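The values are calculated or read from the model by the stated rules, or taken from the named source; none is laboratory data. No experiment lies behind these values; they were computed from the predicted model shown. Cβ atoms come from the backbone with ideal geometry, glycine included; neighbour counts cover every protein chain shown.
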Amino acid sequence: MKKQSFTVTLLGCVVLLIGLMAASLRWGADQTSLHNVWQAVTAAKTTNLDQQIVRTIRVPRVLGAALIGTALAGSGALMQSVTKNPLADSGLLGINAGAGFLLTICLAFFPHLTTLQTTAWAVVGAAMSAALIFAISTMQQTQLNPSTLVLAGIAISSLFTALSEGLALVGQLKQDLAFWYFSGMGAVSWSQLNHLGPWLLIGLIVALCLAPSLNIAYLSDNTAHSLGKSLPVLRALALVTVVILSGVSVALVGTITFVGLLVPHLARFLVGTNYRRVMPITLLLGASLTVAADLVARMVNPPQETPFGIIIALIGVPCFIYLARKEPHYAE
Amino acid sequence: MAKLIDARHIQVGYAQHPIINDLSITISRGQITTLIGPNGSGKSTLIRAMAKLLKIDQGVLTFDDQNLTTLSHKMLAKKLAVLPQTTQAKPELTVAELVTFGRLPYRKPLSGLTALDREKIDWALTKAHLTTLKDRPLTNLSGGQRQRAWIAMAIAQDTDTIILDEPTTYLDLPHQLEVMQLIQELNQSADRTIIMALHDLNHAARFSDNLIAIKDGALAASGTVNDVMTAENLRRIFNIDATLIAYEGRPLILTYETATPAEDVQ
Ligand SMILES: Nc1ncnc2c1ncn2[C@@H]1O[C@H](COP(=O)(O)OP(=O)(O)OP(=O)(O)O)[C@@H](O)[C@H]1O
Ligand SMILES: [Mg+2]
């Protein structure tokens, strides 16, 4: 693809995201004017009630949605490249479920932990899952076998999801957990963003810096070595980034699947397979998808919120099926 | 002749399972040295050891007068390019993208291609006759075209030494010849040291300066082509009875039969 058309696509994605974020600030259970949105975002002080709602509730919600979308999509792109597996995604591989499990333990037994502490445990959970999956899938082969990896991931994911639900039942946490699972982006507050946003930002910057190297992730370890690059080091860096991004996302809004699987495919469909281009587009589209899904979740049946995951699936599944059919070699 | 590689009593293998035992060889700078030997004799294993892709369990291997263990992969990548026997890449990768990987040892993190990078990439594409195919994805190429794309990547690396493990696999006769002539040209006009493994003994005899014959992980013979390509050596190494003639001062195998067991001859 030409450099120019990439720039156009990139700008298009930026405009799309800004448009969706503005729309998401304006519409919701409670409508407001774009003027109020502008004032709420830019003015130093505001006394208007609408503007205050936008500022204290919607702005963090929309920012949170955007950040989480980039985090999930970015982890998807990292995982898909370093595992050479187009189906890899922190949701499908059980990394999110691992984070969710430790988070459930925190909610059940240690309800007084701070946000930062519970998040740290979620990251530990994500790391635990990642370690388990890689241990299982490398047990026999020296190199990661793509289908073993996905099977191991699905098994781990089911295990941790079941454990979390069991624990919730026993600990009578149904209410708390349901709130946390179904509240979607509504759970994101300014204080959470202040605490956790920086971690997501660091993860995203690392993901962008790794992007050029992801192109060689598809070579054999030996070929990479003879070009002076180490794929084991690249894989380790990518995995640590994924663990942080997905652990923090899960701590903020619960386990969201599909974004990480879908968005990198969409980006490759638009700009080809060079990760220098795929990564920025993936991050922008990931944010757009979650912001859009969050907006729709609020608009379908106000003032009730439709569960976020349902919206993502409704938007995502048809897209994914379309893309999967377009690219036959993904079946390999 | 100056020594480029000097291996002294090396042992190399996979996970405690030695394949090459107590092997000592030297490879001269500026020459074409070809490894020959039956399937599974250890040619690729030796190549991996020389390229620092496998650990040398015992003995010492010096490359360019430096102990290989003291050279980092990054430093080595500027001195030595390797075409492995089996290759692996993203199927959608284009020829030009693959060849661009050859410039990785020289590129700074997060920066674009320099003018020199572009020049070397174009040079490699031209040398490998791939200019018209450069935007094609690797999946859409024939086996031979794909092989040439990988060779072009090694050429773009612009190293003094190039190691090729069976570079003519998948190629038809004219393309085999083309690759061998390309390798010869790199050696003669660009003064590259070439180390390769070949199964075609006539090509090995025609294009090499020196031969190293490996059998069962041990050195079976080494020296100039005329020293190594003898009927006795071929019988000992490959278990064949070859009819050899001299053609333009080099041995040529006219035909060969499975060797009759030594007892029957007597
Ligand atoms: N990755 C590996 N792990 C374990 N053993 C291996 C590995 N690669 C090769 N071997 C073994 O090492 C021995 C030498 O193999 P090698 O590939 O070096 O032979 P070769 O001379 O290159 O053969 P060919 O002509 O078939 O390419 C063989 O017995 C082979 O089974
Ligand atoms: Mg071999």
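Can you find even one residue in region B:54-61 that is more than 15 Å from ligand 2 (Cβ to nearest atom) and without any contact (Cβ under 8 Å) to a residue 24 or more places away in the chain? No - not one qualifying residue is present in region B:54-61. Against the criterion of being within 30 Å of A:L102 (Cβ to Cβ) and within 14 Å of chain B (Cβ to nearest Cβ), A:V233 qualifies. Listed by first and then second residue, the pairs with beta-carbon distance under 7 Å, at least 6 apart or on different chains, first residue in region B:161-177 and closer than 21 Å to B:I47 by Cα and in contact (Cβ under 8 Å) with a residue 12 or more places away in the chain, second exposed (fewer than 15 other Cβ atoms within 10 Å of the Cβ) and among the polar types (S, T, N, Q), are B:D165/B:Q85; B:E166/B:Q85.
Listed by first and then second residue, the pairs with beta-carbon distance under 8 Å, at least 6 apart or on different chains, first residue in region B:70-97 and more than 7 Å from every other protein chain (Cβ to nearest Cβ) and under 21 Å from B:Y170 (Cβ atoms), second of a type in the set (D, E) and in a strand (DSSP E or B), are B:L83/B:D165; B:Q85/B:D165. The residue that is nearest to B:I245 (Cα to Cα), among those in region B:198-209 that are within 12 Å of the chain's Cα centre (by Cα) and within 16 Å of ligand 2 (Cβ to nearest atom), is B:A204.
Using the structure shown, decide if A:T7 is polar (S, T, N, Q), closer than 25 Å to A:I281 by Cα and either touching a Cys at 6+ places or on another chain (Cβ under 9 Å) or modelled with pLDDT of 90 or more (or both). It is true that A:T7 is polar (S, T, N, Q), closer than 25 Å to A:I281 by Cα and either touching a Cys at 6+ places or on another chain (Cβ under 9 Å) or modelled with pLDDT of 90 or more (or both). Residue count for region A:198-227, restricted to those that are of a type in the set (D, E, K, R) and either more than 9 Å from every other protein chain (Cβ to nearest Cβ) or crowded, with 21+ Cβ neighbours inside 10 Å (or both): 0. For B:A128, the requirement of being away from chain A (no Cβ under 12 Å), surrounded by fewer than 20 Cβ atoms within 10 Å (Cβ to Cβ) and aliphatic (A, V, I, L, M) is not met.
Listed here are the helices (runs of 4 or more DSSP H) enclosed by region B:3-111 that have at least 1 residues being more than 16 Å from ligand 1 (Cβ to nearest atom): B:73-77, B:95-101. Screening B:I212, B:I237, B:I195 for residues that are part of a helix (DSSP H, G or I), touching a residue at least 40 places away in the same chain (Cβ under 8 Å), of a type in the set (V, I, T) and within 16 Å of ligand 2 (Cβ to nearest atom) leaves exactly one candidate, B:I237.
Screening A:Q80 with (1) within 17 Å of the chain's Cα centre (by Cα); (2) more than 30 Å from A:A236 (Cβ to Cβ) gives one miss only, at (2).
Which ranges mark the helices (runs of 4 or more DSSP H) fully within region A:49-135 that have 2 or more residues being surrounded by 19 or more Cβ atoms within 10 Å (Cβ to Cβ)? Qualifying helices (runs of 4 or more DSSP H): A:59-82, A:95-109. Taking the criterion of being within 19 Å of B:L80 (Cβ to Cβ) and within 16 Å of ligand 1 (Cβ to nearest atom), would at least one residue in region B:199-219 satisfy it? Scanning region B:199-219 turns up at least one residue that is within 19 Å of B:L80 (Cβ to Cβ) and within 16 Å of ligand 1 (Cβ to nearest atom).
Here B:S142 clears all of (1) away from ligand 1 (no atom under 16 Å from the Cβ); (2) away from every other protein chain (no Cβ under 14 Å); (3) modelled with pLDDT of 90 or more except the condition numbered (3). Quick check, is B:I183 part of a helix (DSSP H, G or I) and under 18 Å from B:P167 (Cβ atoms)? Yes, satisfied. Annotation note: Cβ proximity below 8 Å between a residue of region A:39-67 that is touching a residue at least 60 places away in the same chain (Cβ under 8 Å) and a residue that is outside any helix (DSSP H, G or I) and of a type in the set (V, I, T) (sequence gap 6+ or interchain) occurs for A:P60/A:V188; A:R61/A:V188; A:L63/A:V188; A:G64/A:V188; A:A65/A:V188.
When region B:1-30 is limited to residues that are farther than 20 Å from B:K79 by Cα and among the aliphatic types (A, V, I, L, M), the one that is modelled with the lowest pLDDT turns out to be B:A15.
Per-residue answers, yes or no, for (1) modelled with pLDDT of 95 or more; (2) surrounded by fewer than 21 Cβ atoms within 10 Å (Cβ to Cβ); (3) within 16 Å of ligand 2 (Cβ to nearest atom):
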| position | (1), (2), (3) |
| --- | --- |
| B:I32 | yes, no, no |
| B:I47 | yes, no, yes |
| B:D65 | no, yes, no |
| B:T69 | no, yes, no |
| B:S72 | no, yes, no |
| B:M75 | no, yes, no |
| B:V99 | yes, no, no |
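Do we have any residue at all in region B:198-205 that's over 21 Å from B:P38 (Cα atoms) and not hydroxyl-bearing (S, T, Y)? For region B:198-205, residues over 21 Å from B:P38 (Cα atoms) and not hydroxyl-bearing (S, T, Y): absent.
Residue under question is A:T223, and the condition is that it be among the polar types (S, T, N, Q), in contact with a helix residue (DSSP H, G or I) (Cβ under 9 Å, 6 or more places away or on another chain) and under 22 Å from A:Q192 (Cα atoms); does it hold? No. Applying a threshold of 8 Å to beta carbon distances and a minimum spacing of six or more residues, or different chains, the list of pairs starting in region B:1-23 at a residue that is surrounded by fewer than 14 Cβ atoms within 10 Å (Cβ to Cβ) and ending at one that is outside any strand (DSSP E or B) and of a type in the set (A, V, I, L, M) reads B:Y14/B:L54. If you filter region A:266-323 down to residues that are among the charged types (D, E, K, R) and within 14 Å of chain B (Cβ to nearest Cβ), you find that the one that is nearest to B:L110 (Cα to Cα) is A:R276.
The residue of region A:236-258 that is nearest to the other protein chains (Cβ to nearest Cβ), among those that are in contact with a Gly (Cβ under 6 Å, 6 or more places away or on another chain) and modelled with pLDDT of 90 or more, is A:T241. On inspection, B:K43 passes the criterion of being within 16 Å of ligand 2 (Cβ to nearest atom), away from every other protein chain (no Cβ under 14 Å) and among the charged types (D, E, K, R).
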